[in-house]
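Presented below is the structure to which this report refers.
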Amino acid sequence: MSENENYQDFENPQDTGTTMAPESGQAQEGETNVLLGKGLDIGTANIAAAVQTPEGSVAIHLERNAFLDIKGDVYSKNMLTKLKVPYVVHNGKMVVIGESAFELANIFGRETRRPMKDGLISPSEVDALPMIKLIISKVLGEPAAPNENCYFSVPAESIDADNNVIYHQGLFEGMLRKMGYNAQAINEGHAVVFSELAEQDFTGIGISFGGGMVNVCVCYKTIPALSFSVCRGGDWIDKNVATVLGIPVSKATYLKERGVDIRSPKNREEEAIAIYYRNLLNYTVTNIKSRFESSSNMPTFPESIHVVCAGGTSKIEGFEDVFRQEFEKVDFPLDVTEIRRAPEPLNSVAKGCLVAAAISD
Ligand SMILES: Nc1ncnc2c1ncn2[C@@H]1O[C@H](COP(=O)(O)OP(=O)(O)O)[C@@H](O)[C@H]1O
Ligand SMILES: [Mg+2]
């Protein structure tokens, strides 16, 4: 890697303009000197870190989990400099990572490369590891103290795919340890419980609706009773919508994210999106019910519980209503008081990882 004018400084993510102040980020009163540790959400679409600011509040640093390589010639270099796009040099090519890669790919009509696929490190992307390491360093920064706790999210085993979570988890444990962290894996659905169900004593169901997967955790007083994932998510919706409409997948993603109310689709495209959303929610709820009923040693929940949904796929308009409708169709084995969406669906898992790190000692 070489030093260039706009070579990126990954140790100072605040300087790159990608820091997002969480709407609800609050100072931990009187605890400015207590090290909370860090939380890291390693998702197929987005990587988010929850870190403590010097003032003691919590900030979320979010980046797209994507990169774009560009020929290392003078012309391209000048172009990146002119556009003020930060890059690194990898194997003789200039590489742009995260949100900038996404923006640049859109400008030039190219596809970004993706380090992960279906919730796990991609087997078909040779540069997956060094690139994802750059993105993680950018959002996480250096440890505030040697061996600082870093809880990172991992998917649960899928019930509908043969995937290898153990290898994925081991890779990131090793990577974070080398970066100076005490790395601990936490299930993604469990992280949603930590972030959204504190008032319910960390009892209830946390569901993360991501791009590649849906992760579910049924939790009783911080202890997971049941965790699993299904290999369907936002990408599955996009792929199916693209097939039935005969359009490119990226167009389907665009239509979906542009703003659709799945309760009242207005044209053929929106109809297709609504049909697959409903199917995804039905599939998720049906599987929670059947897993719960077939598992032995389930705790008895003396009170009725809350269900909280997070993740980018839960951001669509009408999500909560359609989820409730599909929920009411199945005869669910638990009494449920409330079904709600996390106030910041994209930040929830990272925040939950931070809560796990903070209460681990
Ligand atoms: N406004 C939106 N409406 C519907 N889907 C969205 C919206 N914003 C993002 N998404 C979808 O959310 C998914 C990514 O969510 P995220 O939780 O970051 O996933 P991951 O955990 O896989 O990284 C993608 O499928 C994306 O299309
Ligand atoms: Mg996720």
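When the strands (runs of 3 or more DSSP E) confined to the stretch 49-97 are screened for residues that are aliphatic (A, V, I, L, M), those reaching at least 3 such residues are found at 58-64, 93-97. Being touching a Gly at 6+ places or on another chain (Cβ under 7 Å) and within 15 Å of ligand 2 (Cβ to nearest atom) is a description that does not apply to Ala59. Does Val244 satisfy the criteria of being within 16 Å of ligand 1 (Cβ to nearest atom) and without any contact (Cβ under 8 Å) to a residue 60 or more places away in the chain? No. Residues in the stretch 183-204 that are farther than 15 Å from Val218 by Cα and surrounded by fewer than 17 Cβ atoms within 10 Å (Cβ to Cβ): Gln184, Glu199.
Within the stretch 339-361, work out how many residues are within 12 Å of ligand 1 (Cβ to nearest atom), closer than 21 Å to Ile223 by Cα and of a type in the set (A, V, I, L, M, F, W, C). Of the residues in the stretch 339-361, 3 are within 12 Å of ligand 1 (Cβ to nearest atom), closer than 21 Å to Ile223 by Cα and of a type in the set (A, V, I, L, M, F, W, C). Among all positions in the stretch 146-159, there is at least one residue which is at pLDDT below 95 and either touching a Cys at 6+ places or on another chain (Cβ under 8 Å) or crowded, with 24+ Cβ neighbours inside 10 Å (or both).
The set of residues from the stretch 114-145 being surrounded by fewer than 22 Cβ atoms within 10 Å (Cβ to Cβ), within 16 Å of ligand 2 (Cβ to nearest atom) and β-branched (Val, Ile, Thr) comprises just one member, Ile121.
For the stretch 138-236, the strands (runs of 3 or more DSSP E) that sit wholly inside it and include 1 or more residues that are farther than 24 Å from Val336 by Cα and more than 13 Å from ligand 1 (Cβ to nearest atom) are 148-154, 181-187.
For the stretch 268-290, check the following and say yes or no: at least one residue is modelled with pLDDT under 95, over 20 Å from the mean Cα position of the chain (by Cα) and assigned to a loop (DSSP other than H, G, I, E, B). No, there is no match, as no residue in the stretch 268-290 is modelled with pLDDT under 95, over 20 Å from the mean Cα position of the chain (by Cα) and assigned to a loop (DSSP other than H, G, I, E, B). Going by the conditions given, is Lys77 more than 25 Å from Arg232 (Cα to Cα) and exposed (fewer than 12 other Cβ atoms within 10 Å of the Cβ)? It is false that Lys77 is more than 25 Å from Arg232 (Cα to Cα) and exposed (fewer than 12 other Cβ atoms within 10 Å of the Cβ). Contact map, the stretch 155-167: residues that are within 16 Å of Pro224 (Cβ to Cβ) paired with residues that are among the aromatic types (Phe, Trp, Tyr), Cβ distance under 7 Å, separation 6+ or inter-chain. Pairs shown: Ala156/Phe228; Glu157/Phe228; Ile159/Phe228. Scanning the stretch 108-122 for residues that are on the phi > 0 side of the Ramachandran plot and of a type in the set (Gly, Ala, Ser) turns up Gly109, Gly119.
The values are calculated or read from the model by the stated rules, or taken from the named source; none is laboratory data. Everything quoted here is computed from the prediction, not taken from an experiment. Please note: Cβ atoms are built from the backbone with ideal geometry, for glycine as well, and neighbour counts cover all protein chains shown.
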